[in-house]
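Asker: Got a structure for you, written out below as structure tokens; questions coming shortly.
The values are calculated or read from the model by the stated rules, or taken from the named source; none is laboratory data. Since the model is a prediction, treat every value here as computed from it, not as a measurement. Reconstructed Cβ throughout: ideal geometry from the backbone, glycine too, with neighbour counts over all protein chains shown. When the accessible area is computed, the model is the full protein with side chains, heavy atoms only, and any ligands, DNA or RNA have been set aside. Shrake-Rupley method; radii C 1.70, N 1.55, O 1.52, S 1.80 Å.
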Amino acid sequence: MIETVPTPSPEVFEGSAATWRSGDPGTRTGAALMGVDETPRTGLRDGIRGFWANQRARRRFSEEAFASSRDPKLGLPVAGTPAVLSFVGGMLRERKGVAIALVLANAASGVAGLIVPRVLGNLIDEVTAASATSAIMTRVTTICWVMVLVLALQGALYFPAKSLSTVMGYDMLASAREHIMRTVLKLPLSRVETASTGDLVTRVTRDVGTMAGSVRWALPVFTISSVTAVLTVGALILNSWLLSLPLVATTIVLIFGVGRYIRHAPKGYITMGRMYSQINSGLTETVEGARTVESLGLDERRLARTDRDIEQAAQTEIYCAGLRYQMFLATGLAYQVPLVLALVLGAWGYSRGWVSLGQIAAATLYLQQLTGPLENCVQTLNQMQTGVSSTSRLLGIASVPPDRTATDERPQGDHLVARNLTFAYREGRDVLHDVSLDLVPGERLAMVGPSGSGKSTLGRLLAGINAPRLGVVEVGGVDVMHLPLERLRTDVALVTQEHHVFVGTIRDNIVLAREDTTTDDEVWQALRTVQAEDWVRRSPDGLDTMVGSGRASLTPAQAQQIALARLVIADPHTLVLDEATSLIDPATARHVEGAMSALLTGRTVVAIAHRLHTAHDAQRIAVVIDGRIAELGSHEDLMALGGEYARLWRAWTS
């Protein structure tokens, strides 16, 4: 079809140029856009001041990005921390038995490990207080055997504790991934298409991987380390309350160091995820529009944007790394200072007879044992913060409101009517204006018109993909936006020029809509209908040929034929074909459309025409111009009218 597009006015060109310029940062780097000063610093003092000034700039940027992530108008939203805690808590409640067993097994293993320092302390006290050499040796031998048994018991308890940790971690991971997949598949299609592709891809790839690490490793390790740390503190207090006082210093340092990290890190990690989404979005746009970029000479502009996006992501990484290093510095002090204080207090208390040498030795060992669990807690806390941030982004998908409200209404018949449809993709910019269309059940209606006139948008509204801003689309007297999506798709189906082949057999790809009730004979009949039987029979395994990513490749025409065969099996009473045969060569497309026309007798078909012969074969033709139906009638009527359709037909046939 030869489409005539009116020449835009100079105001349109100026408006387009202004759109490009409005987001152009000029020659500023990604760091400069964040307020980071990249001027080289001389001297240690000046360098430290510059680092903290840049950290404050990065923090402001992260806080602003975090605040905007809460605005659903600016992309897919991000869930709050309460939603994450509720999600994790729900998974733990579902595995209450395993979680309790995990805590008890690690508690038993921890208690066994805490016996050894106390036994060694008692041994020291026995040796320093004993007067008979034979008694000492007998006592030492007994204590050594006790220690061997205790260590063996600890090792025996550690294995089931570790096994339970692994089982629970992977079970929670599987459950979390299934939940995220169900959530993504429930997203309103209209919302998915308006969101950033890079953002959605980043959430279901990078964020899922980060969440997986937290659920599989960090959460179980944090649980184990927390139980061990609490038991160690309890053992230290029971050994000597005086020698446990250094824990106060540990607590104060951890509260300030870790508390500051927890306040700022989530915003930094969420901003980091957003920056990676921005990188993916820019790269996707550039790759998909490579020809446009090349033809308009936008290479340098797109490269500069990618460089800025990467630099902003790097600056966010630096900010988060700075937060981690500050926390690690605080926790390092929290590990070492109590040990020194315990020795000083021990010497002072021993000189006054308040503590024994055995108690000092046991306290020293307990404090050293406490370092490991605390360090694991801090390390996993960092991992869990990244996991919480990624989970917030993933759960944010679930907070996208549905685009339809299902009711108990049931359509009475197959009559599809559109009344006074007005629609806008952006507020204040209507692309359809008061469109009404009454489809006679069983008729073939073709929609033609220039590119950008609103044909596809009208088709999407008729199929219930988008809701109109004003007006209503009804099937059988029921608003299509009141029908559950599962029911709507059995009544009205949309097939576009876009197609997708899932990993699986050719049969699997065709019977998706009626997987449990479709026979091979029906599949072959569907393939014959779309003129695909010959090449499928020539395939290595026929219907069992594996296709999709990494398997046998299909041409665009073959993939579209599979999509059309899938539609035949779905068997809806109304079809909206949005240039569904545009990727098939004209001769094959003619045969496919003819075969489908014979098969679809009695069904309502709305065909957005790419080739005018499709319109010629239709019973009625709607000419869409500037978001309005300018002409409506049969081919003969519109040719007699001598209007827009007649002009398009003469251009096509010439």
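Asker: Within the range 143-155, which residues are open to solvent by less than 90 Å² (accessible area, probe 1.4 Å) and modelled with pLDDT of 75 or more?
Answerer: 148, 152
Quick grid of which residues meet (1) more than 27 Å from the chain's Cα centre (by Cα); (2) closer than 30 Å to residue 87 by Cα; (3) in the same structural domain as residue 629 (by TED's automatic domain parsing); (4) charged (D, E, K, R):
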site	(1), (2), (3), (4)
441	yes, no, yes, no
467	no, no, yes, no
479	yes, no, yes, yes
494	no, no, yes, no
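Asker: Only one of 314, 347 is part of a helix (DSSP H, G or I), under 27 Å from the mean Cα position of the chain (by Cα) and on the phi < 0 side of the Ramachandran plot. Can you tell me which? Steps first, please.
Answerer: On the way: 347 fails: under 27 Å from the mean Cα position of the chain (by Cα).
On inspection, the qualifying residue turns out to be 314.
Asker: Test residue 110 against the criterion of being part of a helix (DSSP H, G or I) and either within 30 Å of residue 395 (Cβ to Cβ) or touching a His at 6+ places or on another chain (Cβ under 8 Å) (or both), and give yes or no. Outline the logic, then answer.
Answerer: On the way: part of a helix (DSSP H, G or I): yes; either within 30 Å of residue 395 (Cβ to Cβ) or touching a His at 6+ places or on another chain (Cβ under 8 Å) (or both): no.
Considered against the rule, which asks whether it is part of a helix (DSSP H, G or I) and either within 30 Å of residue 395 (Cβ to Cβ) or touching a His at 6+ places or on another chain (Cβ under 8 Å) (or both), residue 110 comes out as no.
Here's the yes/no breakdown for (1) part of a helix (DSSP H, G or I); (2) open to solvent by 70 Å² or more (accessible area, probe 1.4 Å); (3) free of Cβ contacts under 8 Å to residues at least 60 places away in the same chain; (4) more than 24 Å from residue 287 (Cβ to Cβ):
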| residue | (1), (2), (3), (4) |
| --- | --- |
| 165 | yes, no, no, yes |
| 175 | yes, no, no, yes |
| 187 | no, no, no, no |
| 208 | yes, no, no, no |
| 212 | yes, no, yes, yes |
| 229 | yes, no, no, yes |
| 238 | yes, yes, yes, yes |
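Asker: Here are some residues: 400, 378. Which one is of a type in the set (A, V, I, L, M), part of a loop (DSSP other than H, G, I, E, B) and within 30 Å of residue 180 (Cβ to Cβ)?
Answerer: Numbers: 378 fails: part of a loop (DSSP other than H, G, I, E, B).
The match here is 400.
Asker: Also, quick follow-up: Looking at the range 443-532, what helices (runs of 4 or more DSSP H) fall wholly within it and have at least 1 residues that are farther than 25 Å from residue 620 by Cβ and of a type in the set (A, V, I, L, M)?
Answerer: So the answer is 485-491, 506-510, 520-529.
Asker: Now for a separate question. Given the options 387, 349, name the one that is more than 23 Å from residue 283 (Cβ to Cβ), open to solvent by less than 10 Å² (accessible area, probe 1.4 Å) and in contact with a helix residue (DSSP H, G or I) (Cβ under 7 Å, 6 or more places away or on another chain). Lay out the reasoning, then the answer.
Answerer: Details: 349 fails: in contact with a helix residue (DSSP H, G or I) (Cβ under 7 Å, 6 or more places away or on another chain).
Going through 387, 349 in turn, just one is more than 23 Å from residue 283 (Cβ to Cβ), open to solvent by less than 10 Å² (accessible area, probe 1.4 Å) and in contact with a helix residue (DSSP H, G or I) (Cβ under 7 Å, 6 or more places away or on another chain): 387.
Asker: Based on what the data block shows, is residue 420 in contact (Cβ under 8 Å) with a residue 40 or more places away in the chain, in a helix (DSSP H, G or I) and open to solvent by 60 Å² or more (accessible area, probe 1.4 Å)? Before the answer, list the steps.
Answerer: Values: in contact (Cβ under 8 Å) with a residue 40 or more places away in the chain: yes; in a helix (DSSP H, G or I): no; open to solvent by 60 Å² or more (accessible area, probe 1.4 Å): yes.
No, not satisfied.
Asker: Tally time: how many residues in the range 352-368 are in a helix (DSSP H, G or I) and buried (at least 21 other Cβ atoms within 10 Å of the Cβ)? It would help to see each step written out before you state the result.
Answerer: Initial filter on the range 352-368 (in a helix (DSSP H, G or I)): 357-368.
Filter again for buried (at least 21 other Cβ atoms within 10 Å of the Cβ), leaving 358-360, 362-363, 366-367.
Qualifying residue count, the range 352-368: 7.
Asker: Another question, then. Just checking, does the range 187-203 include any residue being acidic (Asp, Glu), modelled with pLDDT of 80 or more and not assigned by TED's automatic domain parsing to the domain that holds residue 496?
Answerer: If we filter the range 187-203 for residues that are acidic (Asp, Glu), which is where we start, we get 193, 199.
Narrowing further to those that are modelled with pLDDT of 80 or more: none.
No, the conditions are met nowhere in the range 187-203.
Asker: When you go through 523, 568, 576, 503 one by one, which is the residue that is out of contact with any strand residue (DSSP E or B) (no Cβ under 9 Å at 6 or more places or on another chain), of a type in the set (A, V, I, L, M), in the same structural domain as residue 461 (by TED's automatic domain parsing) and within 26 Å of residue 465 (Cβ to Cβ)?
Answerer: Details: 523 fails: within 26 Å of residue 465 (Cβ to Cβ); 576 fails: out of contact with any strand residue (DSSP E or B) (no Cβ under 9 Å at 6 or more places or on another chain); 503 fails: out of contact with any strand residue (DSSP E or B) (no Cβ under 9 Å at 6 or more places or on another chain).
Exactly one of 523, 568, 576, 503 is out of contact with any strand residue (DSSP E or B) (no Cβ under 9 Å at 6 or more places or on another chain), of a type in the set (A, V, I, L, M), in the same structural domain as residue 461 (by TED's automatic domain parsing) and within 26 Å of residue 465 (Cβ to Cβ), namely 568.
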